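Note sheet for the following structure.
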Amino acid sequence: MPNAFAALPAAIAACVAANGVPLREPLKPMPPALDHAITRPSGSVIVIVVLLNDAWMCAQPVVDDALLAALLERLLLRLAGGLLSAGSG
């Protein structure tokens, strides 16, 4: 455990050096180059919900009822066949 405590100051110094400035303490804070429009959070939430709904609809597969019925029938037949073969053995 002593090695871990000895390495802690070096790790902190390395993190500060890697980022250039200490976390949450910029040396010369500057305003952004371009002002952004301020919106209410509810407006942002509505936009995000709309985008997520659009992505969700694009990701939904199109399944025909006949195809779904055929797949379920095959699944049930395989399960029934497996149960019958397991019971006879």
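The values are calculated or read from the model by the stated rules, or taken from the named source; none is laboratory data. Just so you know, these numbers come straight off a predicted model, no measurement behind them. Quick reminder, even Gly has a Cβ in these numbers, built from the backbone with ideal geometry, and neighbours come from all protein chains shown.
Can you pull out every residue in region 39-54 that is at pLDDT below 75 and β-branched (V, I, T)?
Selection gives T39 alone.
Is there a residue in region 4-24 that is part of a loop (DSSP other than H, G, I, E, B) and modelled with pLDDT of 70 or more? Don't jump to the end; show me each part of the working.
From region 4-24, those part of a loop (DSSP other than H, G, I, E, B) are 20-24; that's our starting set.
From what's left, modelled with pLDDT of 70 or more: none.
No, region 4-24 contains no residue that is part of a loop (DSSP other than H, G, I, E, B) and modelled with pLDDT of 70 or more.
I need every pair where a residue in region 64-89 that is modelled with pLDDT under 70 and exposed (fewer than 10 other Cβ atoms within 10 Å of the Cβ) has its Cβ under 7 Å from the Cβ of a residue that is outside any helix (DSSP H, G or I) and not charged (D, E, K, R), sequence separation at least 6 or different chains.
Note: no pairs meet the criteria.
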